[in-house]
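Participant: Dumping the structure here so I can ask a few things about it.
The values are calculated or read from the model by the stated rules, or taken from the named source; none is laboratory data. What you are looking at is a predicted structure, and each value in this text was computed from that prediction instead of being measured. Glycine also receives a Cβ, built like all others from the backbone with ideal geometry; neighbour counts cover every protein chain displayed. The area values use the complete protein model at the heavy-atom level, side chains included, leaving out ligands, DNA and RNA. Shrake-Rupley method; radii C 1.70, N 1.55, O 1.52, S 1.80 Å.
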Amino acid sequence: DDDAEGDGRDADKAGVEEVKDVMPSEARAFRAGLAAARHQRTDRTWHVLDFGAGDGRFAAEFKRAADVVLEPGDTLAVTAYEVSSGALRAFKRRCVRDLGYRETYDGVELAGARVVRVHFVEGDATDPPSTLDSFGPFDLVLSGWGSTSAIPDLDEKDRQGAFLRVFRSIA
């Protein structure tokens, strides 16, 4: 019986607002992508675009992945792109209050043997895919199905496809 309260409401609280961290499969995929990017070049900073970053569900995973995949002295530089200013504020609050990040002039940072920096960018739902070019280059792009499927078509056909093509050209 899904009605735990007896009032007709669904007791399953697995909606996106209830998910506060990544799933194991997402963590594995992110770490594999980061490891692949790390082995492709010798620079010590890896740039990640978190497209549709929301309220920072990946924030803790950024630190965990950096600790597992990167070497001491390396930096994970994340651009958190989101159209909701409230979500970006919640992301920043989560990082500082719950995860030990410190505020910087343009985001948050977690210093240590491996540095994790998150730069917050408030986008607009009408931004063209080419907007992302100005924030790159990126070694890896994160975008959940929900973020990608919520891209409005506006006057363009297949605007979602245009963003996906930009994602493929970035990484």
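Participant: Provide Thr42, Thr126 ordered by accessible surface of protein heavy atoms (probe 1.4 Å), highest first.
Facilitator: Thr42, Thr126
Participant: Turning to a different aspect of this structure: Within 10 Å, count the other beta carbons around each residue, average over each peptide in 33-39, 53-59, 22-28, and list them highest first.
Facilitator: 53-59, 33-39, 22-28
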